[in-house]
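The values are calculated or read from the model by the stated rules, or taken from the named source; none is laboratory data. Given the structure is predicted, the values throughout are model-derived calculations rather than measurements. Note that we place each Cβ from the backbone using ideal geometry, even for glycine, and neighbour counts take in every protein chain shown.
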Amino acid sequence: MTELLHMNDNYLREFDAIVESAGKDYVVLNRTAFYPEGGGQSSDHGTLTNGSRTVKVLDVRKEEREIRHKLDGPPFKIGSKIHGEIDWTRRYECMRFHTCQHILSRYLQLKYNVETVGNMIKPEESRADYSPLEAFDDEMKRKVEVGVNEILNQNIDVKIQFMPRSVAIVFLQERGYQTRYLEMVPNSVQEFRVLIIGDFDAASCAGTHVRNTREIGHIQIGKSKNVGAGKRRIYFKLID
């Protein structure tokens, strides 16, 4: 299994690894700082080099129980020593967006009693789906935007903690986390990675996040649309 370095350090930009296996257009490493697409967050991009040849990493996905780094060129040989470097501009923007999405979702949960039922975190513009939410008019949009930005302005520390499954479930339930997501975690997972945004929010999440809300900037909510019975998709951007 590939060691996922981002689980402990979201700010790690470079790393060294060894190629464990390879396919026509990908390599599997023994360790990586690249975030593989999943949990509604798009994957990292970047480069891998063996010292004499550098190739771009176009995508990273978990396929057939492997973390595959899709390459823009022939794969490296098995056993090769590799140095990886993350496209930090892309990664950091995803970190800002992902933490902001958690705050937006928690705000909507507290103020309007809706649950998050999906999301897509990516640079430039992200989105999340909420239910039950039949409409999202301009007045509500303005109130939510103002309310979320007030929270972002509080410079709240953001922490990652690892907890035994039973401890994490109780902790998250006490903090008002959506229980449906806890039920989706396989019983084989005995340790939860918990995102804690001060006293405002706590969630089980494997994504990448900033250390403090001051890094996010401000949210600018864009269009929304109906994507199913009682389900609404909200798009948002980040501004300084």
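The helices (runs of 4 or more DSSP H) falling completely within region 89-202 that include 3 or more residues that are surrounded by 13 or more Cβ atoms within 10 Å (Cβ to Cβ) and not small (Gly, Ala, Ser) map to 138-152, 165-174. Restricting attention to region 203-240 and to residues that are outside any helix (DSSP H, G or I) and basic (Lys, Arg), the residue that is nearest to residue 179 (Cα to Cα) turns out to be 231. Exactly one residue among 67, 78, 82 is in a strand (DSSP E or B), over 21 Å from the mean Cα position of the chain (by Cα) and in the same structural domain as residue 40 (by TED's automatic domain parsing), and that residue is 82. Residues that are without any contact (Cβ under 8 Å) to a residue 60 or more places away in the chain and acidic (Asp, Glu) were ranked within region 53-80; the one that is surrounded by the fewest Cβ atoms within 10 Å (Cβ to Cβ) is 64.
Number of residues in region 17-39 that are within 29 Å of residue 212 (Cβ to Cβ) and modelled with pLDDT of 95 or more equals 7.
Counting only residues that are charged (D, E, K, R) and touching a Lys or Arg at 6+ places or on another chain (Cβ under 9 Å), region 57-86 holds 7 of them.
Scanning region 171-229 for residues that are farther than 18 Å from residue 104 by Cα, among the charged types (D, E, K, R) and at pLDDT 90 or above yields 174, 191, 193.
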